[in-house]
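Just so it is clear, none of the values below were taken in a lab; they were calculated from the coordinates. Here the structure is a predicted model, which means the values were calculated and not measured. Here the Cβ is made from the backbone with ideal geometry for all residues, glycine too, and neighbour counts use every protein chain on show.
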Amino acid sequence: MDLKLEKKEIVNILEEIGTLLELSGENPFKTRAYSAGARALEARTESLAELIESEELEEIKGIGKALKEKIETLATTGELEYYSNLRAQFPSTLFDLLKVPNLGPKKVKALYSKLEIDSLEKLEAACKEGKLEELDGFGKKTEEKILDGIEHVRKFSERVLYPVAEEAAVPLLELLKKQRGTIRVSLCGSLRRKRETVKDIDIVVSSKKPEPILKAFVEHDSVTSVSGHGETKASVVLENGMNADLRVVSDEEFPFAVHYFTGSKDHNTQMRARAKEYGLKMNEYGYFKEDDTRIGCKDEAEIFSKLELKEIPPELREGRHEIEWAEKDELPELIDYDDLKGTLHCHTTASDGKASLEEMAEAAAELGYEYFGIGDHSKAAFYANGLDEKRLAKQIEEIDAFNKKHKEIRLLKGSEVDILKDGSLDFAEEVLSDLDYAVASVHSIFNLDSETMTKRLIKAIESPGITFLGHMTGRLLQQRDEYVFNMSKVLDATEKNGKWIEINANPHRLDLDWRTCLEIRDRGILFIINPDAHNTQGISDNRYGINVARKAGLTKEHVANTRSLKEFLSLLKK
DNA sequence: GCCGTTTTCGGCCCGACTGTTTTCAGTCG
């Protein structure tokens, strides 16, 4: 089936239609139906062609007759009149205005229709001239807030990588923990769900006296401005540009508030719907019967058990399969942070690493790993000082010598072999046969057409000397999109040849994405979590890879390097 | 626009906070 648009592109268009409908003042539920439909489509792992051919689109919850037809029209023709008509009503630059905090569709529409403001520049000028005060519902304070907001959007419009958010959250959590009136503290939001990128930091505290806790929060050293400060909640902007929200509730309410603010939105919606089936109303303060009697719960586990659900780990709460799993007692026992017994794909000073082979090995041993795979670049990665056959042979000798001397950790001989443009490898098979393992990666020529790139990857994964593909999609979070290829076909080849798939744990990559892991798991393909470390600290990045695996719902059985050295070596032989 | 073992029509989550109001609309999470 030949499609004009990829699934991702259609998801984006549906989202955009949702926003455009908001701007045009449509029924909010209709608006929501488009963004809900977009998310529902995105969550499916099947390719769009499969969904259309098998007539399954309309089976997806959140996609009805109208959306099905629009999706199919977009997929087959690449166009949709309904969409282009909507787009013609508003300039696309209005989307920039929506990014300004406290500016929503209603206000943006008023700005556009009454003052012809359609860009951040025009908005800024109008604020400075005091023009906004002419409009109903706008005043001096709004103008000031908008000016601050424009500044903020220009500086920090992006979400930040998980480790950046985590680093900013830790001191706040510590501050809150040591406040006198604090009973319990929990990180919430996407940071608690271990998303790969995070927009703001959400924290919930339980206490009998909220005021002093809120005060301590807004006065913390890392706070540069206070954007809201009420009786039970406060919002601040941190010096790294992130927003942080604190909510203070009573201790009885705490588990509900924590669950509520952990989200995701979709997960919460599904939980509330389920609560309703049990005759309960659910909000951030508790369960309520129809006569408004409150039913308390001591912790999150009890919140779930009241609805006959097993406790769902925060990482899984994305509104995908978790409630179904919890209902059937089929929640996977998620892989844990100390389950990795070894790791591969690490660099040394031989190529572009910053630490020597010995330093890297010692650091790995200190982390408790039983085995550690060196994987320096091959000669085509010339920008990274890749090794040629001669230098690789020398490194193999060094590794043999190291293993003779050291018993605390076993070094594995390996290489990160470049996949050349035509899919052939940078080293011949006889060179690879001297190694314990080899990871094949694309490091150049990303802009091939889908068919060529797919063939390229398949040819690499079919090579006998290759153990797994490294960072398979090539994405760099917030920097570079995945290259275009047919993942299904590459996975077919991976499965057929008994190869593995890497979860690259570098926080800039996190490649694979957790959203696609489930399909791979169900094919029976093994994963391996590697840090792609270029220095000794980088080895610990594996915990971000574990985040991905947990979000995907993987257990340790699904991940090759949870095996002991002995088991791992026999896996490699296969 | 979607959805339904109380419904094919009438619901669709809802509370805190802010600013501009003089009782509430808009935004956010």
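Observations
- Straightening the chain between A:Asp292 and A:Ser250 buys 13.3 nm, computed as 0.36 nm per residue apart minus the Cα-Cα spacing.
- Cross-link partners of A:Lys61 among lysines (Cα-Cα below 25 Å; sequence separation of 8 or more within a chain): A:Lys4, A:Lys7, A:Lys8, A:Lys30, A:Lys70, A:Lys265, A:Lys276, A:Lys281, A:Lys306, A:Lys310, A:Lys328, A:Lys551
- If you model chain A as an ellipsoid using its alpha carbon gyration tensor, with each semi-axis the square root of five times an eigenvalue, the axes come out at 44, 30, 26 Å, biggest first.
- Cross-link reach list, lysines versus A:Lys131, counting only Cα pairs under 21 Å and skipping chain neighbours closer than eight places: A:Lys99, A:Lys106, A:Lys107, A:Lys109, A:Lys114, A:Lys122, A:Lys140, A:Lys141, A:Lys145
- Annotation: average projected area of region A:7-89 is 4.9 square nanometres, based on the convex hull of Cα atoms across all directions.
- Based on Cα atoms of region A:374-467, Rg over Rh with Rh as the Kirkwood radius reads 1.03.
- Annotation for A:Asn12 and A:Glu144: the two label points, set 7 Å from Cα along the Cα-Cβ direction, are 3.9 nm apart.
- Separation between Cα centres of region A:121-146 and region A:504-545, rounded to whole Å: 47
- Hz values of 3J(HN,Hα) by residue in region A:471-479 - Karplus curve (6.51, -1.76, 1.60), Gly and Pro given as x: 4, 4, 9, x, 6, 10, 4, 6, 10
- Taking the three principal axes of the alpha carbon atoms in region A:254-327, the coordinate ranges are 32, 23, 19 Å, sorted in descending order.
- As an equivalent ellipsoid, region A:107-175 spans semi-axes of 33, 14, 10 angstrom, where each value is the square root of five times an eigenvalue of the C-alpha gyration tensor, largest first.
- The alpha-carbon atoms of region A:160-248 define a convex hull whose volume equals 73 cubic angstrom per residue.
- Where labels lie 7 Å past Cα in the beta-carbon direction, separation of A:Ile183 and A:Ser540 in nm: 3.4
- Taking every DSSP beta bridge that has both ends in chain A, the antiparallel portion is near 45%.
- Local electrostatic count at A:Val258 - Lys and Arg +1, Asp and Glu -1, tallied over other residues with Cβ under 10 Å: -2
- Placing dummy labels 7 Å off each Cα toward the beta-carbon, the span from A:Tyr337 to A:Ser488 is 3.9 nm.
- Relative contact order (%) - criterion: Cα under 8 Å, at least six apart; region: region A:142-273: 24
- Region A:510-574: Rg to Rh, with Rh as the Kirkwood radius over Cα pairs: 0.98
- Compared with the direct C-alpha span, the chain from A:Glu50 to A:Thr77 gains 8.0 nm at full extension, assuming 0.36 nm per residue.
- Label point at A:Ser450 placed 7 Å out along Cα→Cβ; residues across region A:55-80 whose backbone nitrogen lies under 20 Å: A:55-58, A:68-80
- Within the shell of other residues whose beta carbon sits under 15 angstrom from the beta carbon of A:Phe288, the net charge comes to 0, with Lys and Arg scored +1 and Asp and Glu -1.
- Charge tally in the Cβ shell below 12 Å around A:Ala364, where Lys, Arg are +1 and Asp, Glu are -1, A:Ala364 excluded: -4
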